[in-house]
Amino acid sequence: MTTDTDSSQASTGSTLSNAEQEDRRIGRQLRDLRKSRQLTLSQLAERVGKSVGYLSQVERGVSSLPIGVLQTLSDALDVRVSWFFQPGGSDSAVEQETIVRADQRRAMNLGAIGAREELLSPRLSGQLILIMTRLQPGGSGGETPRERRGEEAGYVESGQLELTLGEQVFLLNPGDSFSLTGEEPHWIRNPGETETRIVWVMTGVEY
């Protein structure tokens, strides 16, 4: 017998946005990975400096993960952030090692901060990683500046990008590019009214 509550839940589940579905997928992956490491929510929360309640919401897909927090969780669980990317599909093993089709990119929707990360590289084991970040109007890289080891560079494909380095703020337009040494945290934001797309090139094998 189907109750009104069951029908309501089914209806709600069928109308989840792409970002909400992505939050649930990442939450499930995080929960399974945490359990495989035989860690309780309390233990993981202590490692990353977050509350048990917040991590519980993340695992249930109620809260999104900013990239900075995802990086901290990845470090605590001994995986790369790329572990959370949704893999695409391809019929050819050779193509999988060489080509990334536009409709088969591994991607993460970070709805809470108005961002989407798409993996443009066919492999995660190479010395160069290619990423596209899509920022909705007002979207950013999270609440806190981001810092990663190694050099990285970016190219603004469309929209406007506000790039903060320390106390300096730069406004970049389509066609502008930039390079970061990894010596100081940086923060990005879309100050415009249309989507901003940035293509990143990162060195090393950690993302």
Region 25-183, Rg to Rh (Cα coordinates; Rh as Kirkwood inverse mean 1/r): 0.97
Expressed as a whole number of Å, what is the distance separating the alpha-carbon centroids of region 136-155 and region 14-60? 22 Å
Carbon/sulfur accessible area of region 40-191, % of total, 1.4 Å probe, equals 47 percent
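The values are calculated or read from the model by the stated rules, or taken from the named source; none is laboratory data. Fair warning: this is a prediction, and the values are worked out from it, not measured in the lab. Surface accessibility is based on the protein's heavy atoms, side chains included, excluding ligands, DNA and RNA. Shrake-Rupley method; radii C 1.70, N 1.55, O 1.52, S 1.80 Å.
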